[in-house]
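Colleague: Below: one structure in structure tokens.
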Amino acid sequence: MPIKVLDKEVVARIAAGEVVERPASVVKELVENSLDAGSSQISVEVRGGGVSLIRVTDNGTGIPAKEVELAFDRYATSKIGDLEDLDSISSLGFRGEALPSIAAVAQVEVVACAVGESVGTYLNLKDGVVIDQGSRGRSQGTTVTVRSLFAKVPARLKFLKSPATENSHIADVVSRYALAFPEVKFTLSIDGRENLRTPGNGRLIDSGIEVYGLEVARNMLEINRDKEWEGEATVSSPVVTGLIGSPAVSRSNRGYLSLFVNRRWVNSRMLAWAVEEAYHGLLMQGKHPVAIINISILQKEIDINVHPTKTEVKFQNEHLVFGAVQKAVRRTLIDQMPVPKIEEVATTYRVSSKPRRVSWPSATGGSSLFTSPPAPSQTPAVSLPELRVLGQLLSSYIIAEGPDGLYLIDQHAAHERILFEQIKHQRSRQEIEIQGLLVPVTLEINPKQEEALNSCYENLAEFGFSIEPFGDRTYLVRAVPALFYNKDWAGMVRELLDSLTGGDKGDWVESVAITMACHSAIRAGQTLTDGEMGELIQQLEQAAIPNTCPHGRPTMIRLSSGQLKREFGRV
Ligand code: ADP
Ligand code: MG
């Protein structure tokens, strides 16, 4: 076939595919338009899973009579004017694609009445072409009715799920926006039944009650503002607000995590990860938090023009946003639940009796990441002076000051060293703390791993694992070392068994302790509170060999005051 430019209609249909994937995408685009129009009331009505009917009515600014038809032209928008505007988009829409895309795959009717107009404008489109128009009485606002969605696109229709599933996607979209805009009164009716109604009184918790129910809402905590930042408004710092569920209301999927950037609902693995990391050690394995989080950030620091559905966002400084979210959530959890829940069940929380000469910028109490190490079994080979934490760098290194200069400490390596010594010490005294699992968990391993496991049952038991055969390469785990409770102990066991294949157990104790320490240590990229950093350093000071991790890599770099002076040219 020779090359030729495609028909307008084919182009429209192809482009529509990107914006309108399913009925819920239509609802999302229409609700976003209503929100952009400054509506305080938005009602959504759907029938037949959204295929027969979707109607969104609002009381926003409306569309002026002479612009109604234009609104259905591709790339016609009132929200941005030039290239510069693209760098600071404050509306939810901006691509001018939604109305034409919807009109390309459905029958659309609109009645809009703009500010100052006495009568509404009516427009009816079929296959993207106007078939009827006129005026209709209505108060200020816009009503868009979409019928027979995908009737002309059988391929799409075929891929839709049952009406019940499509309805649940629609309810999900409306619920998310109801959470993002608590000052807007939302109603959703599905096949004539009222599914959701929010009061629109501006209180997030009240929208939360309607969306998640009273039980969940009752267990939500309001994200605390960072006290450190108060008063010195750092313009470029993202501000994190919202409600997060206490660990008591965790869920088995991520559907209860609503993330918004400048109140735009976004899909972001990075942000979801930041939230989950903040709950590290507080939720049972396989459980996910409930959270409604908005990140307010300067428009110029984000790019939302990544995908036609505008649910993806790129951050100029991803690292900063990750840290801000993780820190805000963790701080809220720690402040509002002073008792470190996981340690209550998993390990004994011992506070070091060693008197401190140095005072930390904030109280060290209430930290939940670390348990105190045992008293050193030997005099430290390289003793570490007492250090004062100055801050965290790249969410991976702790910057500290000592009497002899500046220390840059690798948080993962340092924690590995602490845990390694702790594990070896506890094992030698047969003091490994064991955590029985509420329900035994099955562990499947490969034939090679099974071979290794056969030779080391008892040794594993010494470290706190209770593992017994349970059929074909499947084992039943009844207890794990307390250190591993809620962590990926299965991954750790598999890695250990892999390292043992070949039957050579080598220095068994050493390799188990190393693997255990490595798997349970905090990772690089994890934001720590001042209290947590202080505690980590305090424990490192007490380690026998604080300056290397058990693999032999350095845990810290020191810049002496002499070096600093030389670097800056002052002798
Ligand atoms: P975009 O939202 O990206 O601008 P759309 O195709 O969704 O593109 O809408 C085109 C234009 O129609 C909008 O820019 C806006 O001016 C107008 N419009 C659409 N829906 C509404 C509404 N509910 N209220 C007021 N104006 C609307
Ligand atoms: Mg739009």
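The values are calculated or read from the model by the stated rules, or taken from the named source; none is laboratory data. Owing to the predicted nature of the structure, the values given are computational and were not obtained by experimental measurement. Backbone-built Cβ (ideal geometry, glycine too); neighbour counts: all protein chains shown. The accessibility values were calculated without ligands, DNA or RNA, using every heavy atom of the protein model including side chains. Shrake-Rupley method; radii C 1.70, N 1.55, O 1.52, S 1.80 Å.
Colleague: Restricting things to alpha carbons, find the Rg to Rh ratio for the range 1-105 using the Kirkwood radius for Rh.
Modeller: Using Cα coordinates only, the ratio equals 1.01.
Colleague: Within the P(r) computed for the chain, what percentage of the Cα pairs occupies the region above 39 Å?
Modeller: 43
Colleague: So for the chain, taking the charge dipole from beta-carbon charges (+1 Lys/Arg, -1 Asp/Glu), which of Leu443, Ser189, Ile467 sits furthest toward the positive end?
Modeller: Of the listed residues, the answer is Ser189.
Colleague: Right, another one. At R0 = 35 Å, how high is the FRET efficiency between Gln336 and Glu183 if r is their beta carbon distance? Nearest 0.05 is fine.
Modeller: 0.85
Colleague: Continuing with this model, one more query. In whole Å, what is the distance between the alpha-carbon centres of the range 94-120 and the range 121-186?
Modeller: Their Cα centres are 11 Å away from one another.
Colleague: Around Gly120, what is the net charge, scoring Lys/Arg as +1 and Asp/Glu as -1 over all other residues with Cβ under 11 Å from its Cβ?
Modeller: +1
Colleague: How large is the direction-averaged shadow of the alpha-carbon convex hull of the range 86-141, in nm²?
Modeller: Average of the hull's projected areas for the range 86-141 equals 5.0 nm².
Colleague: Tell me, what is the per residue accessible area of the chain in Å², probe radius 1.4 Å?
Modeller: The answer is 48 Å² per residue.
Colleague: Something else now. By accessible area of protein heavy atoms, probe 1.4 Å, what ranking do Lys66, Lys79, Lys28, Lys314 get, highest first?
Modeller: Sorted by accessible area, descending: Lys66, Lys314, Lys79, Lys28.
Colleague: Follow-up. I'd like the orientation of helix 269-278 relative to the chain: the angle between its Cα long axis and the longest Cα principal axis, in ° from 0 to 90, rounded to 10.
Modeller: Tilt relative to the chain: about 40 degrees.
Colleague: Now a separate question. All other residues with a Cβ under 12 Å from the Cβ of Val211 taken together, and with Lys, Arg as +1 and Asp, Glu as -1, what is their net charge?
Modeller: Neighbour charge sum, excluding Val211 itself: -1.
Colleague: I need the Debye-formula profile for the range 131-204: one equal scatterer per C-alpha, no solvent, reported as log10 I(q)/I(0) at q = 0.14, 0.15 1/Å, two decimals.
Modeller: Summing over Cα pairs of the range 131-204 leads to -0.69, -0.77.
Colleague: In the P(r) worked out for the range 178-297, what percent of Cα pairs fall beyond 18 Å?
Modeller: When all Cα pairs of the range 178-297 are counted, 56 percent exceed 18 Å.
Colleague: Right, next: Given H placed 1.01 Å from N in the peptide plane, which residues other than close sequence neighbours of Ile434 have an amide H under 5 Å from its amide H?
Modeller: Amide H neighbours of Ile434: Ala482.
Colleague: Can you tell me what percent of all Cα-Cα pairs in the range 53-171 are more than 21 Å apart?
Modeller: Value for the range 53-171 (Cα pairs over 21 Å): 45 percent.
Colleague: Pulled fully out, how much extra length does the chain show between Gln430 and Trp273, if you take 0.36 nm times their separation in residues and subtract their Cα-Cα distance?
Modeller: Taking 0.36 nm per residue and subtracting the Cα distance, the gain is 52.9 nm.
Colleague: Given labels modelled 7 Å from the Cα in the Cβ direction, how far is it in nm from Asn446 to Leu390?
Modeller: Taking the two extended label points, one gets 4.7 nm.
Colleague: Something else now. Given labels modelled 7 Å from the Cα in the Cβ direction, how far is it in nm from Ala76 to Val509?
Modeller: In this crude label model, Ala76 to Val509 measures out at 8.0 nm.
Colleague: Something else: Leaving ligands, DNA and RNA out of it, rank Trp489, Trp273, Trp265 by accessible area with a 1.4 Å probe, largest first.
Modeller: Most to least solvent-accessible, the answer reads Trp273, Trp265, Trp489.
Colleague: At R0 = 35 Å, how high is the FRET efficiency between Ser168 and Glu462 if r is their beta carbon distance? Nearest 0.05 is fine.
Modeller: 0.10
Colleague: Taking 2.2 N^0.38 Å as the expected size of a compact globular protein, what ratio does the Cα radius of gyration of the range 239-330 give against it, to two decimals?
Modeller: Here the answer is 1.05, to two decimals.
Colleague: For the range 280-332, taking Cα atoms only, what is the radius of gyration to one decimal and the Dmax to the nearest whole Å?
Modeller: My reading of the Cα-based Rg and Dmax gives 13.8, 38 Å.
Colleague: For the chain, give the percent of accessible area contributed by carbon and sulfur heavy atoms, probe 1.4 Å, rounded to a whole number.
Modeller: Carbon-and-sulfur percentage of accessible area, whole number: 52.
Colleague: Of the options Leu283, Leu390, Val266, report the single residue whose Cα projects farthest towards the positive end of the charge dipole of the chain (beta-carbon charges: Lys, Arg +1; Asp, Glu -1).
Modeller: Val266
Colleague: While we're here: What do you get when you divide the Cα radius of gyration of the range 265-310 by 2.2 N^0.38 Å, with N the number of residues?
Modeller: Scaled against compact globular proteins, the figure is 1.43.
Colleague: Would you kindly state how much longer the chain becomes between Glu312 and Arg251 on full extension, computed as 0.36 nm times their sequence separation minus their alpha carbon distance, in nm to one decimal?
Modeller: 19.6 nm
Colleague: Next question, about the same structure. Would you mind getting the Kirkwood hydrodynamic radius of the range 479-571 from its Cα pairs, rounded to one decimal in Å?
Modeller: In the range 479-571 this quantity evaluates to 16.4 Å.
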